[in-house]
1. Magnitude of the Cβ-charge dipole of chain C, K/R +1 and D/E -1, about the Cα centre, nearest 20 debye?
2. State, to one decimal in nm and shortest first, how far the label point of D:Gly18 sits from each corresponding label point in the other identical copies (label point: 7 angstrom along Cα-to-Cβ).
3. Quick one: label points 7 angstrom along Cα→Cβ at C:Glu4, distances to the other copies in nm, smallest first?
4. Leaving out ligands, DNA and RNA, what percent of the accessible area of chain C is carbon and sulfur, probe 1.4 Å?
5. So, taking all protein chains as they sit and a 1.4 Å probe, how much accessible area belongs to A:Ile136, in Å² rounded to tens?
6. Specify, for chain C, the residue whose C-beta is closest to the rotation axis mapping it onto chain A, with the distance given in whole Å.
7. How many square angstrom of accessible surface are buried between C and D, both sides summed, with a 1.4 Å probe and rounding to 100?
8. In terms of the Cα gyration tensor, with a ≥ b ≥ c the square roots of its eigenvalues, is the protein assembly as shown rounded because a/c is under 1.5, prolate because a/b exceeds b/c, or oblate?
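The values are calculated or read from the model by the stated rules, or taken from the named source; none is laboratory data. Note that the structure is predicted; figures quoted are calculated from it, not measured. When we count neighbours, we look across all protein chains shown, and the Cβ atoms used for this are built from the backbone with ideal geometry, even at glycine. Note: accessible area is taken over every heavy atom of the protein model, side chains too, but ligands, DNA and RNA are not part of it. Shrake-Rupley method; radii C 1.70, N 1.55, O 1.52, S 1.80 Å.
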Number of protein chains: 4
Amino acid sequence: MIFECKKPIRFHHCDPAGIVFYPQCLVLCNEVVEDWFDHGIGVDFYKLHAEIRRGVPMRHLEVDFIAPSMHGDELTFTLYVARIGGSSMDIVTTASMGEQVRFRAKQTVVWADLGGAPRATMIDDEWRARFGRYLIASKD
Amino acid sequence: MIFECKKPIRFHHCDPAGIVFYPQCLVLCNEVVEDWFDHGIGVDFYKLHAEIRRGVPMRHLEVDFIAPSMHGDELTFTLYVARIGGSSMDIVTTASMGEQVRFRAKQTVVWADLGGAPRATMIDDEWRARFGRYLIASKD
Amino acid sequence: MIFECKKPIRFHHCDPAGIVFYPQCLVLCNEVVEDWFDHGIGVDFYKLHAEIRRGVPMRHLEVDFIAPSMHGDELTFTLYVARIGGSSMDIVTTASMGEQVRFRAKQTVVWADLGGAPRATMIDDEWRARFGRYLIASKD
Amino acid sequence: MIFECKKPIRFHHCDPAGIVFYPQCLVLCNEVVEDWFDHGIGVDFYKLHAEIRRGVPMRHLEVDFIAPSMHGDELTFTLYVARIGGSSMDIVTTASMGEQVRFRAKQTVVWADLGGAPRATMIDDEWRARFGRYLIASKD
């Protein structure tokens, strides 16, 4: 299954060159992960951190910037899981405008226990099932 | 040659987990590239864009997040050039606190002509010499 | 008439104290003004800048921070116009969670001609009518 | 006494209009307050929060935007205290480029105890003396 959402490019995402400042692409990816937990996984991202005491800190990130985005664009984001390991997983987020892919991020996030100093912890069967619904064998 | 500068981690770089929000690592990398042009290359980053009409948009980005950074840390950044191609180059930026590497970003940037719609353009001999002073055969 | 929209407080709006970093309140106010142009005034904020060559730079800002907001809150924003002058106007934006007001911003923005160096310009009858639909005699 | 520091306007502070995005002016003001604690007051802003468990949340903010700032500008910031109340104080921060004032912010901050839910607390004699060194009867 693929999670999908739309996000407008705001004035404040853009730089003096008139295009999205690239770290803002990653702020948007972070929002997409937040939306995925809220509306796809069905666990509020706030409660994940504050009550369940789990988080998804970034370990590794690869991004291809294929075409620039501008103020006024509305991007369609898709998200799927490319790998679920013992205590980490790979998430692929793609931003498009119509047929044109704008950027694609592959993020390896750690499944972290936040009760105390954050540390990697096993993805248990319940969570593995939740994430597994979005697992697609990566074409990379 | 390696370019080096120091940057404090500010309150506003950090998230509710108390550590640097990862897109802010890339805002800091962008500042380091700006400082490198200003103080290493010797061409003001503002003039590069506004007068010389050149820029360095991001094509590809890889980041390893090795250890978290917190408000109050002062990070040492190093930057070197790992590859100079026809119209792009690879820049490696490493952030450390003492002996501990915190994150390392490898960025492929395009050498872009901004006179009109931005487009990749040849790195001429003069610029190749400037960037070449920071060229180090990558160990990756 | 009062313009209204809702916005979630994201992880990336919050600081190490776990509450919205106050400049992010103003980023959100800027989004509300953008939404007001797009969906209230009926003129796309992007086209306003890029085609109509008008903008609303800030001249004066007053904000009361009444109660903190946290990750996971969904704020209701209301916006009305408190004054329309010759070439500026006052916009009042209020963010609430249920009955509780969180912050209120009064912004004096200039109606600027962006064709060349930005300069204040008369709000003509057509724009005066558009903004006037949201004019409410301020209680301040 | 007046605290003073300089800050460059970075590429990432600026918006598609080529000038500083106004919420970024407040991010810069926040950095100036951080620098004032670190280098003026002599108490590390990180330790203030993490060890001393005090903070300075914003209650009220007034900003005059007098002239725009652009990428490449280096602004001189001055900070003084205009009022010290029982559990709050007014801080005036002015950003200039040469003789030209760019913006001026008057901020009422609360002196907050962070040991538990943040709450306003008395500014004791020791802190009153520290802040008092920067007290200047306001001309406003």
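1. So the magnitude is around 240 debye.
2. 1.1, 4.5, 4.6
3. 3.1, 5.2, 5.9
4. Whole-percent figure for carbon plus sulfur exposure: 51.
5. We get 40 Å² for A:Ile136.
6. Residue with the nearest Cβ, plus whole-Å distance, for chain C: C:Val27, 5.
7. It comes to approximately 1600 Å² buried between C and D.
8. It is rounded, given that a/c, with a ≥ b ≥ c, falls under 1.5.
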